[in-house]
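We did not get these values from a lab; they are worked out from the coordinates using the rules stated. On a predicted model such as this, the values are computed, not experimentally measured, just so you know. With ideal geometry, Cβ positions are generated from the backbone for all residues, glycine too; neighbour counts draw on all protein chains shown.
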Amino acid sequence: MRVVADTNVLVSALMRIGTPPARLFDACLDGLFELVFTPDTLQELRLVLVRPHIAKVLRFSPRRVLAIIQQIEQTAIVVTPAKKLNVIKKDPSDNRVIEAAVFGGAKYVISGDKAILELGDAGYHGIRFVSPAEFEDIFLDDKYGLTSGKRAA
């Protein structure tokens with residue numbers, strides 16, 4: 001299944017091991033889900049990972065950042081959108097994430113961005129918009145014991 005993970009989710013995955021974003025990222029790298037990017041969303045990730053306040057927390061060298069990007073590029077699907085979308089008016093840059101999902105055939109967009117999450121289950125073109133924790137509740141159980149619904153409390 002193809003998914004789009006917003007930049008904020010991927011940065012959180014790298015910052016906090018053992019969290020829903022980190023488990024999602026690990027599952028994608030392990031091939032359970034296919035991450036979808038556009039050239040724009042990959043570029044955004046590159047730029048965010050080298051921001052001084054992010055780099056300070058991650059403590060990654062530029063070489064390590066490059067290695068992470070290369071690892072993502074080797075396992076991800078990169079699509080070029082046929083057109084620009086204007087679904088989210090509040091923050092037009094959020095539309096790049098939606099373009100990745102629409103033109104990459106993703107079923108889910110995983111994000112921590114309120115404007116994106118407001119699209120929710122109603123979605124857009126059949127795409128669901130969920131937080132990392134919601135995605136984990138739907139699909140991941142412990143170390144990838146996939147489930148098909150919410151975990152029991």
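Quick notes
- Distant-in-sequence amide contacts of Glu34, defined by a placed amide H-H separation under 5 Å and a gap of 5 or more residues or a different chain, comprise Arg2, Val3.
- Nitroxide proxy distance, nm - points 7 Å out along Cα→Cβ at Asp121 and Val50: 4.3
- Fewest neighbouring Cβ atoms within 10 Å first, the residues Ile77, Ile88, Ile116 line up as Ile77, Ile88, Ile116.
- Our helix-only sum for the chain, with -39,500 (n - 2.57) per DSSP H run of n ≥ 4 divided by its residues, gives a mean residue ellipticity at 222 nm of -13500 deg cm²/dmol.
- Considering only beta bridges that DSSP places wholly inside the chain, some 10 percent are antiparallel.
- Under 26 Å, Cα to Cα: Lys pairs in the chain, sequence gap 8 or more or different chains: 12
- Percent RCO, i.e. relative contact order, over the stretch 2-139, from Cα pairs under 8 Å lying at least 6 residues apart: 30
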